[in-house]
Amino acid sequence: MLEEITDNLYMLTLPMPFRLMHVHAFVAVDNEGITLLDTGLNTPETFVRLEESLQKIGKTIHDIKRVFITHYHIDHCGMAGRLQNISGARIHMSEQSRPFILRRDDEEFLFVDRIKDFSLIHGLPEKAIDFISGLLLTFKKAGSSFTIDEFYLPEHRVIVGGKEMQVMPTPGHTHDHVSFYFPQERILLSGDHVLPEITPNLSPDLFAPEFRPLRSYLDSLALMEALPVEKVYPAHGQPFSDLKGRIEAIYDHHRTRKRLTYESVQRGTKTAFVVSQDIFGVDLPEFDQFLALNETYVHLIELIQEGLLREERAAGLIFYSVAP
Ligand SMILES: [Zn+2]
């Protein structure tokens, strides 16, 4: 499905087999060819949908000259390598994405090891760790590998489809996340940063321990809130207009989550995983256990920064307790 959102700029709805069901990519057309904003998954269904959609506007995959990626998640950049191979498109991405495409000699991926270590030290059960490692490797192999041709610059502005587009770093969901803003049209392509129905999972950058996902997320929401946006096109879900209202609801959500996190630790010293069970329940499937751990962890480290909690290592685990 291809929908024109303004002159020379289209929203493309691509299929996804998992729970979100679809992901949006965007197509900007000008004399030089096509700039694609995100790519969707590397599946035959996505490829066919992309081909058919481009056909409708008299273009082909070979016309794709540039690909701008919001962040290194497989539903956003899975197809990038395949497109790069076919059309020679140049791939643009955040410098923070770089560690995710480092490979070890044995072709296993460094980041899976980091995730295992992180999960272990925070108390995630081994069964869940094995499941997550397997899943992440499957995701990795399902993506087509690519090289990043250009990193975004600070204050990056570019002309796509004959319009000025600003690349805004919006770290939080991931460290490398960017959103795309068209100031003249007052259109925001928010990626996974602001979604209409759900709050994005916030994850630490295991290659950059100084990164504070929640702090960064809230700061980048505040920057976004100040923009005169008329229409938001998220990567998942329907386009919407009330950006400020949505951001307020997200602030609220995190205030509540923070309070619950603190109260859990107040009731007794525990690992991040046990806190997450307190908040999200004990019956989650493995993948959700991992997401819940991430969500909880980002709040715990903020509470430490604020001096309300402290952490201690014992028996290979990290425990959180109320600061004296
Ligand atoms: Zn994502």
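Brief remarks follow.
- Spin-label pair L110-I304: with each label point 7 Å from Cα along the Cα-Cβ axis, the two points sit 2.2 nm from one another.
- Computed on the stretch 172-324, with alpha-carbon pairs under 8 angstrom and 6+ residues apart, the relative contact order is 22 percent.
- Local electrostatic count, P44, Cβ distance below 12 Å [Lys/Arg +1, Asp/Glu -1]: 0
- Local charge for L14 was computed over the other residues whose Cβ lies under 14 Å away, with Lys and Arg +1 and Asp and Glu -1, and equals -4.
- Between D252 and A142, the C-beta separation translates, for a Förster distance of 35 Å, into a calculated FRET efficiency of about 0.45.
- Of all lysines in the structure, those lying under 18 Å Cα to Cα from K140, and not within fewer than 8 positions of it along the same chain, are K116.
- Remark: spin-label model distance D219-Q266 equals 2.8 nm, labels positioned 7 Å along the Cα→Cβ axis.
- Dipole axis of the stretch 37-118 (+1 Lys, Arg; -1 Asp, Glu on Cβ), positive-most option in V48, G88, G78: G88
- About the Cα centre, charge dipole magnitude for the stretch 211-324 (Lys/Arg +1, Asp/Glu -1 at Cβ), debye: 240
- Computed [θ] at 222 nm, helices only, for the chain once each DSSP H run of length n ≥ 4 contributes -39500 (n - 2.57): -12000 deg cm²/dmol
- Environment charge at V229 (Cβ cut-off 12 Å; Lys +1, Arg +1, Asp -1, Glu -1): 0
- Total charge dipole magnitude, the stretch 1-146, about the Cα centre, Cβ charges on Lys, Arg, Asp, Glu only, Debye to nearest 20: 160
- Share, in percent, of DSSP beta bridges within the chain that are antiparallel, nearest 5: 75
- With Cα atoms, 0 to 90° folded angle of helix 44-56 axis to the chain main axis: 40
- The stretch 216-320 - Debye-derived log10 I(q)/I(0), Cα point model, q = 0.12, 0.24 Å⁻¹: -0.52, -1.26
- Where trypsin sites (Lys or Arg not before Pro) in DSSP loops with at most 16 other Cβ within 10 Å are excluded, longest remaining stretch of the chain: 105-185
- Surface/4 estimate of mean projected area, convex hull on alpha-carbon atoms of the stretch 38-84, nm²: 3.0
- Here the chain is assigned +1 on the Cβ of each Lys and Arg and -1 on the Cβ of each Asp and Glu. Its dipole about the Cα centre then comes out at about 220 debye.
- Projecting the Cα atoms of F280, Y320, G237 onto the dipole axis of the stretch 208-324, where Lys and Arg carry +1 and Asp and Glu carry -1 at the beta carbon, places Y320 farthest toward the positive end.
- Rel. contact order, % - alpha carbon contacts under 8 angstrom, at least six apart, the chain: 14
- Virtual paramagnetic centre 7 Å along Cα→Cβ of H22, amide N under 17 Å, in the stretch 221-241: 232-241
- Column: log10 I(q)/I(0), Debye, Cα scatterers of the stretch 137-233, q = 0.17, 0.18, 0.22, 0.24 Å⁻¹: -0.88, -0.97, -1.25, -1.32
- For the pair T13 and E51, a Förster radius of 25 Å applied to the C-beta separation gives a FRET efficiency near 0.95, rounded to the nearest 0.05.
No value in this document is a laboratory result; all are computed from the given coordinates. In this text, all values refer to a predicted model and were calculated from it rather than measured experimentally. Using ideal geometry, Cβ is built from the backbone for each residue, glycine included, and neighbour counts are taken over all protein chains shown.
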